[in-house]
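Here is the structure we will look at, set down as structure tokens.
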Amino acid sequence: MENLTQAIRRVIKDVFNIDIEPDITRPAEQFGDFATNIAMQLAGRTKRNPRDVAEQLVAALREYLGEDIADISVASPGFINIRLGDSLLLTMAEKASATKPITYKDQVVVAEYSDPNPFKILHAGHLYTSVVGYAVASLFEAAGGEVHRVNFGGDVGLHVGKTMWAMIQDLGSEHPEKLMDIEPAKRSEWMAACYVKGTNAYEEDETAKAEIIAYNKQVYALQANQEKSTPFAQLYWTCREWSYQAFDDFYGRIGTPFEKYYPESLCAPIGLATVKEHLGKGVYEESDGAIVFKGEPYGLHTRVFINSEGIPTYEAKDVGLIMLKKQDYHFDRSVVITDNGQEQYMAVVLKSIEQFAPELVAATTHLTHGVVKMKGGVKMSSRKGNILRAGDVLDVAAEANKQVNGRDDEQAVLGAVKYAFLKQRIGPDLIYDPEESVSLEGNSGPYLQYAHARARSILSKATHTSASIADLQAGERSLTRKIGEYPEIIAKAVSELMPHHICTYLYELAQVFNRFYEHNRVIGDDREQIRVHLVSLYADVLKDGLTLLGIAAPDKM
């Protein structure tokens, strides 16, 4: 489509001596392959009837494009419909899976997402952000970017103090040796239960609250000094390592690895120093013993960056994080993906950074998403202990797959969950329906995985793998046309950082193929050569799209 855009732009310049970017769309197939309303835009500038302008452009385009155009016509009040020649249409399809935008060519991109906290458990929101974050990072890669996937988590902070307090209560005192009595499979659950217990104690018991605050300070101190020998330190470091191992195991299971973890303990000192440095420069200011950034002049709100105890808050740690990411990667673009609840928080953090490092903020995109809920369920809370765990979602999907399809297939389960998350635009809350997600019929991940396996099965029986053509039959042309749309969809997904465009396209593509295959025999037909070629192009695009989404494209199911 880029070449067509350039051709129309050049013809407009030649005929009317006007520089303008034509808007080119994909009309319904009966109207052609492309359409543009550029004549109506030019009518006002040339003070002529839009149909007359369109007729003049059509005559010039017909001569300029020659055999590449099968037909070009005008529809009232001045739309130009263009039907490509079969040879050009097939060439576009043949290049489809390899044609990607170069939006981020030679740019370094840091993608930060998932962001679980050690000492707490991974919940459904972490699963969602991991899946979406991987796909968004893949879009940057597809567009030529050098992408670094990173993770940020709170290995210090009040939640750690709460968990440490409850663990010590549960163990009877600071007895790190008793940790070995906890079965490896139950460690994450035990820490999650301790977090809930500590949270409740913090809210209901003033004595426990004071002890938790003291533990919180103690954790910061042992991190600062890298203390490893005391029983308290041994408890902390052992359980911190348990958490990171559980995270690694889970990310390995779902196929979303990270290059680097940024613990808050690493970011806190840099954030603390940066905030204090710019306290004297008027960016931050003191308020009741704390250090804050006042966002009201910018239409935001005030947030505390260093509390009255001198401890950096999440805000200061995020300041340190962006500084570390820039130091480590010298990024051109940074994308941070969180839930919607962080939108105003991040707006204040970034606005404060903008006062002394505007280039970092200009290079940063904050994407937010809604809450994951089970069909018929309610929003849950890790604080109350009724959390919807990330593993629960996968387990429910696996059970649904057994019930609906009679199979135990982890690859299909992951495809089901990932596609269910990705097919919806990033932003609103998502209601996950396990049965719908695993269905082999309809708009689902397993449906597309099966579509790919089916195409590969057809190809395994073929005797021809390439073709030359003179004319395409109707069904062949429809499939070729749809395959050729793929680069436009990728460009749109990259531009908006929205993977759901790829999901929608792949589902539509599979439907077009099904209609084609229903009416056009492939193996053993006189036109086997061209049809096998189209099936191969179709399968390649399906695989490429699913791979971008982080979904396996199996050859057999």
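Scanning the stretch 340-396 for residues that are at pLDDT below 95 and of a type in the set (D, E, K, R) yields Lys373, Lys375, Lys379, Arg383, Lys384, Arg389, Asp392, Asp395.
Could you please find all residues in the stretch 502-529 being farther than 21 Å from Phe421 by Cα and assigned to a helix (DSSP H, G or I)?
Within the stretch 502-529, Val512, Phe513, Asn514, Arg515, Phe516, Tyr517, Glu518, His519, Glu528, Gln529 qualify.
So that you can scan it fast, the table gives a plain yes or no per residue for (1) surrounded by fewer than 22 Cβ atoms within 10 Å (Cβ to Cβ); (2) among the polar types (S, T, N, Q); (3) outside any loop (DSSP other than H, G, I, E, B):
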| position | (1), (2), (3) |
| --- | --- |
| Val132 | no, no, yes |
| Ala135 | no, no, yes |
| Leu139 | no, no, yes |
| Arg149 | no, no, yes |
| Phe152 | no, no, yes |
| Lys162 | no, no, yes |
| Trp165 | no, no, yes |
| Gln169 | yes, yes, yes |
| Glu174 | yes, no, no |
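Could you tell me whether Ala493 is under 18 Å from Leu448 (Cα atoms) and in a helix (DSSP H, G or I)? So Ala493 does not fit the description; no.
The residue that is surrounded by the most Cβ atoms within 10 Å (Cβ to Cβ), among those in the stretch 1-19 that are part of a helix (DSSP H, G or I), of a type outside the set (Lys, Arg) and in contact (Cβ under 8 Å) with a residue 40 or more places away in the chain, is Ile8. Restrict the check to the stretch 470-484 and report whether at least one residue is crowded, with 20+ Cβ neighbours inside 10 Å, within 30 Å of Asn401 (Cα to Cα) and not hydrophobic (A, V, I, L, M, F, W, C). Scanning the stretch 470-484 turns up no residue that is crowded, with 20+ Cβ neighbours inside 10 Å, within 30 Å of Asn401 (Cα to Cα) and not hydrophobic (A, V, I, L, M, F, W, C). Return yes or no: is Asp540 of a type in the set (Asp, Glu) and either in the same structural domain as Gln30 (by TED's automatic domain parsing) or part of a loop (DSSP other than H, G, I, E, B) (or both)? No: the conditions fail for Asp540. Before we move on, is Pro118 of a type outside the set (Ser, Thr, Tyr) and touching a strand residue (DSSP E or B) at 6+ places or on another chain (Cβ under 7 Å)? So Pro118 passes the test.
Contact map, the stretch 45-69: residues that are small (Gly, Ala, Ser) paired with residues that are in a helix (DSSP H, G or I) and surrounded by fewer than 16 Cβ atoms within 10 Å (Cβ to Cβ), Cβ distance under 9 Å, separation 6+ or inter-chain. Pairs shown: Ala60/Asp14. Note on the stretch 400-461: enclosed helices (runs of 4 or more DSSP H) holding 1 or more residues that are among the charged types (D, E, K, R), closer than 18 Å to Arg253 by Cα and out of contact with any His (no Cβ under 6 Å at 6 or more places or on another chain) are 410-422. Within the stretch 261-281, the residues that satisfy the criterion of being surrounded by fewer than 18 Cβ atoms within 10 Å (Cβ to Cβ) and farther than 19 Å from His159 by Cα are Ala273, Lys276, Glu277, Leu279, Gly280, Lys281. Please determine whether any residue of the stretch 357-370 is in a helix (DSSP H, G or I), out of contact with any Ser or Thr (no Cβ under 7 Å at 6 or more places or on another chain) and touching a residue at least 24 places away in the same chain (Cβ under 8 Å). Taking every residue of the stretch 357-370 in turn, at least one turns out to be in a helix (DSSP H, G or I), out of contact with any Ser or Thr (no Cβ under 7 Å at 6 or more places or on another chain) and touching a residue at least 24 places away in the same chain (Cβ under 8 Å). For the stretch 240-251, the set of residues classified as within 19 Å of Glu112 (Cβ to Cβ) and surrounded by fewer than 20 Cβ atoms within 10 Å (Cβ to Cβ) consists of Tyr244, Asp248, listed by residue number. A count restricted to the stretch 312-333 and to residues that are outside any strand (DSSP E or B) and either under 20 Å from Phe140 (Cα atoms) or assigned by TED's automatic domain parsing to the domain that holds Ser495 (or both) stands at 8.
I'd like to know if the stretch 465-484 contains one or more residues that are modelled with pLDDT of 95 or more and among the β-branched types (Val, Ile, Thr). Within the stretch 465-484, one or more residues are modelled with pLDDT of 95 or more and among the β-branched types (Val, Ile, Thr). Return yes or no: is Tyr244 in contact with a strand residue (DSSP E or B) (Cβ under 9 Å, 6 or more places away or on another chain) and closer than 20 Å to Tyr262 by Cα? The answer is yes for Tyr244.
The values are calculated or read from the model by the stated rules, or taken from the named source; none is laboratory data. All figures in this text were calculated on a predicted structure; none of them were measured in a lab. Don't worry about glycine lacking a Cβ; one is built from the backbone with ideal geometry, like all the others, and counts go over all protein chains shown.
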